[in-house]
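Okay, so here's the structure we're looking at.
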Amino acid sequence: VSQETRLKKAHIALLRHKDTCLYGGVILMGESTVETDAKRCPMAYTDGYNKSYGSKFMEKLSDLEVAGLVLHENLHVMMKHLPRGRDLWKADDQRLVNIAMDYAVNDIIVDLAKANPTLCKLPEGGLYDPMFKDWSFRKIYDYLKQEQQGGGGRGGDPMDEHDMEAIEEMTPEQREKLSQDITEAMQQSAILAGKMGAKVPRTIGDLLNPQVDWREVLREFVSSTMRGDEDYTWRKFNRRRLADDL
């Protein structure tokens with residue numbers, strides 16, 4: 001069985017299940033591809049819209065773990081981790097930001113796996129700590145940062161790569177459209193999930209009923225002003241075709 005076939009089967013299983021159909025709209029967004037070049041995509045990758053999975057890495061995973069990997073990438077997209085984490089990524093420890101994001105999405109995957117042991121499983125080595133249940137990635141990041149500054153620290157590595165450069169190359173208008181597209185996909189899927197009696201994780205429920213984060217709005221305004229977006233032209237990057245998809 002090819003890895004492309006396994007990826008499609010994982011998509012279908014997640015789209016049909018009452019506890020993961022909520023993520024269907026986001027799963028169907030953008031391109032989902034299997035990369036044969038391990039240097040290009042050693043495990044998995046997202047630019048906040050498209051998702052890629054390393055073929056060699058998938059070969060080591062069970063079907064349940066492939067479903068867990070698919071959830072992992074799509075939860076990063078659904079929770080808008082890349083656009084919302086831009087300020088931390090540019091100003092601080094990028095690896096720690098990535099780790100915090102992984103802890104946030106893996107919490108949801110572990111809960112799903114416990115409730116549905118034949119649906120998905122967090123791949124071995126995925127970062128998880130029950131103390132971070134229902135925490136946002138920023139709250140997790142702040143905790144990990146304080147822990148690190150206190151001389152502590154944790155082992156383990158992120159399970160995937162996040163292409164923050166793709167997000168940086170976008171104009172504020174393109175980032176706003178991306179955010180709106182994700183929200184609309186979530187809201188449409190939520191209708192089906194509600195009819196199927198799905199249990200919505202708290203962190204996902206907060207996204208479905210968003211409150212304006214004025215700190216995030218201010219960060220975007222300051223960043224745009226200092227960069228001079230009135231003269232800024234988006235440079236289409238060759239590695240991904242995000243702009244063409246939006």
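The largest-to-smallest principal axis extents of the Cα set in the range 46-134 are 40, 31, 21 Å. Relative protection proxy for 99-110, 27-38, from highest mean packing down: 99-110, 27-38 (other beta-carbon atoms within 10 angstrom).
Taking 20 Å as the cut-off, the amide N atoms of the range 101-126 that come nearer than this to a point 7 Å along the Cα-to-beta-carbon line of Ser62 belong to 106-126.
Proximity of backbone amide H atoms, modeled 1.01 Å from N, is registered between Glu161 and Ala44, Tyr45, Thr46 at under 5 Å, excluding neighbours fewer than 5 places apart on the same chain.
Computed over neighbours whose Cβ is under 9 Å from that of Thr33, the net charge equals -2, Lys and Arg +1, Asp and Glu -1.
Checking the Cα-Cα distances for Lys80/Lys121; Lys9/Lys121; Lys8/Lys177 against a 19 Å cut-off, the pairs over it are Lys80/Lys121; Lys8/Lys177.
Couplings 3J(HN,Hα) for the range 41-53, derived from phi with the Karplus relation 6.51 cos²θ - 1.76 cosθ + 1.60 (θ = phi - 60°), are 8, x, 10, 7, 7, 8, 9, x, 8, 8, 9, 10, 10 Hz, where x marks Gly and Pro. Each peptide in 158-165, 67-74 receives the mean, over its residues, of other Cβ atoms within 10 Å, and ordering these scores from highest gives 67-74, 158-165. The local environment of Lys9, defined by Cβ-Cβ distances under 14 Å, has a net charge of 0 under the rule Lys, Arg +1 and Asp, Glu -1.
Taken together, the values in this text are just the output of simple stated rules run on the coordinates, not laboratory data. Owing to the predicted nature of the structure, the values given are computational and were not obtained by experimental measurement. A quick note on method: Cβ atoms are made from the backbone with ideal geometry, for glycine too, and the neighbour counts reach across all protein chains shown.
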